[in-house]
Ligand SMILES: Nc1ncnc2c1ncn2[C@@H]1O[C@H](COP(=O)(O)OP(=O)(O)O)[C@@H](O)[C@H]1O
Ligand SMILES: [Mg+2]
């Protein structure tokens, strides 16, 4: 029997039991839709994080943080607000000068002091991360450190403060509740004294940053406030810093690697040196784990669908015993009977997978729209789902594959039916 | 005249659990091309068992059965299927695929035999005209009477120009008037188209219309007479 005839015959069997075929297909549709939605969202998320990372940290930068990690890739430990890791190792503000002398490939080194604290002005009082940075250098390293309202002075006053976008506009609706020139109290809880006490000073708002987005290491944050490094030094009473950003003259891998080694040597392996490249590969490995996990869960639902297909095919095989007997009496070969039953599963798998892919894609886009609308908080989460050809073809193949594999046994049983036995059944 | 079927000491034993049921106990039969044989006998005498063997739907337990010169005991599943393409089979009832129209049922036999697609249409119409159902080609079995269904089954059995036609109580399920129509068709096919026919029946009158009547009893042939 010719292939189109086989498929035509399979199709006529499916058409007869539309509801049953539809319900069987539904299992495949749901499984495939889940896989496609989850993968296209995570891939979109990865793309958007990578994108923000690239925006937030240029390829010729390195981040140094306390934390003895020779590889500088795995197990990043980020000790926000302490300036020291558990071993008691500290990065000092004075280290920047030493780092700048390590290699001619190093353009500049920028220290960042980072503490949790509060800002208060009028009836506003909110928790923020306070960053002490050199405004001019910081703006050079991070293009996102630029004001949409007000200015970021190159030589700031001691009490100058720059606000992240959500500090000035907590409702994220374009209404800034703070105007340039306003005074606000900056406050932190000093736990080095006994008893711990609140330290505070009055700062004057000079600029508000544009919206940055949710991610980025060391870079400007929507919920951060920025004060001059020297102010932070005296306000927090410290000569250590939490992070040093090194800018290189170029982003060649060789340069990045050699400078990374020089820095590790200099600090005797007690720092973590993070390059955008390394971050990228950490991200990739995190995301491939997430994808494997989510995809795996969705794949299980598809296996459940497969068991459903098998169940239905066995029922259908029993119902159609006499039909199989007739086909065999007409001279149909065993392998053609097999092909007819497998053909039904291919049609169900193919249609289910295609509808599932479309459904999953729609679902991913709806999810992205909902996330972007900010209903669930978490900042403006610009996320464009990505459906790669690999995912598309993989989902298609998986849907058809699962259907066919679970149909193999019933189809095989149908093909092996003895004609006389099949014909006795009425 | 050449021999198309030759059965020598044919035996068929079914196992009902551990109890052997001897459905055929040594049958000898020779059928020539163009013949019209009726097999008569009470229920359970082994008529269907015999016909199933002649139709290569089953293999004998012992003995030799040559169909078109081939010993079917030696054939595998695939070769048996190919042999069945040369045999037209009509059962007592439920011959047709319920979801397919009369035309599609006939065409199905042709596509199983890989007959050239361009011939399907013309030949199907000819066959349905031969059995007098030209105006029912797009009807599904449920929309046809019992006699009409049997005639579609006969048209389908003829689709691949079989060497012979096997009919297992083709009129067992229809009223006497329809039975007559079907019998007339069978006679016409035999006389005018030269189709060899072996027909099982338990109706003495219909059996006598054949050229030769084989009487079966308890798995054996009791008599084999030319009418
Ligand atoms: N598949 C089978 N398994 C067991 N016994 C069978 C089977 N087919 C037929 N028989 C038995 O073989 C005998 C002959 O049956 P059958 O050829 O159908 O008779 P008939 O068609 O003449 O009524 C009966 O006793 C029947 O019960
Ligand atoms: Mg019978």
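Quick notes
- In degrees, nearest ten, helix B:102-112 long axis to first principal axis of chain B (Cα): 60 degrees
- Label-to-label distance, residue B:227 versus residue A:200, with points set 7 angstrom from Cα along the beta-carbon direction: 11.9 nm.
- The simple Förster model, with R0 at 45 Å and r as the Cβ-Cβ distance, assigns residue A:335 and residue A:370 a FRET efficiency of 0.35.
- Highest GNM mean-square fluctuation among B:137, B:37, B:197, for chain B modelled with Cα contacts below 10 Å: B:137.
- Cα gyration tensor, segment B:174-227 - rounded (a/c under 1.5), prolate or oblate: oblate
- With Cα atoms, 0 to 90° folded angle of helix B:176-192 axis to chain B main axis: 90 degrees
- Secondary-structure-derived ellipticity at 222 nm for the protein assembly as shown, considering helices only, amounts to -15000 deg cm²/dmol, per-run term -39500 (n - 2.57) for DSSP H runs with n ≥ 4.
- Counting DSSP beta bridges with both ends in chain A, the antiparallel % (nearest 5): 80 percent
- Listed residues A:97, A:37, A:278, most fluctuating in chain A (Gaussian network, C-alpha, under 10 Å): A:97
- For chain A, a Gaussian network of Cα nodes joined below 10 Å ranks A:397, A:352, A:360 by mean-square fluctuation, and the top entry is A:397.
- In percent, rounded to a whole number, the relative contact order of chain A is 30, using alpha-carbon pairs under 8 Å and six or more apart.
- Estimated FRET transfer efficiency when R0 is 56 angstrom, pair residue A:315-residue A:172 (beta carbons, to 0.05): 0.50
- Kirkwood hydrodynamic radius over Cα pairs of the protein assembly as shown, then Stokes diffusion coefficient at 25 °C and 0.890 mPa s, in µm²/s: 77 µm²/s
- Working from Cα pairs under 8 Å separated by at least six residues, relative contact order for segment A:60-274 is 37 percent.
- Contact order for chain B, expressed relative to its length and based on alpha carbon pairs under 8 Å spaced 6+ residues apart, stands at 29 percent.
- Beta bridges per DSSP with both ends in segment B:82-227, % antiparallel, nearest 5: 40 percent
- Linear extension gain, residue A:280 paired with residue A:26, 0.36 nm per residue minus alpha-carbon span: 87.6 nm
- Rounded FRET efficiency, nearest 0.05, which uses the C-beta distance separating residue A:408 from residue A:265 and R0 of 51 Å: 0.25
- Cα gyration tensor shape for segment B:72-121, rounded if a/c is under 1.5, else prolate or oblate: oblate
- Convex hull of alpha carbon positions in segment A:131-185: directionally averaged projected area 4.2 nm².
- With the simple spin-label model, which puts each label point 7 Å out from Cα in the Cβ direction, the residue A:293 to residue B:191 separation comes to 8.5 nm.
- Cα gyration tensor shape for segment A:186-265, rounded if a/c is under 1.5, else prolate or oblate: oblate
- Folded to 0 to 90 degrees: helix A:18-56 orientation relative to chain A principal axis, Cα: 20 degrees
- Placing pseudo-labels 7 Å out from each Cα toward the beta carbon at residue A:107 and residue A:16 gives an inter-label distance of 7.4 nm.
Rule-based calculations on the coordinates, nothing more; no lab input. A quick note: this is a predicted structure, and the numbers were derived from the prediction, not measured. FYI the Cβ positions are ideal-geometry reconstructions off the backbone, even for glycines, and counts take in every protein chain you see.
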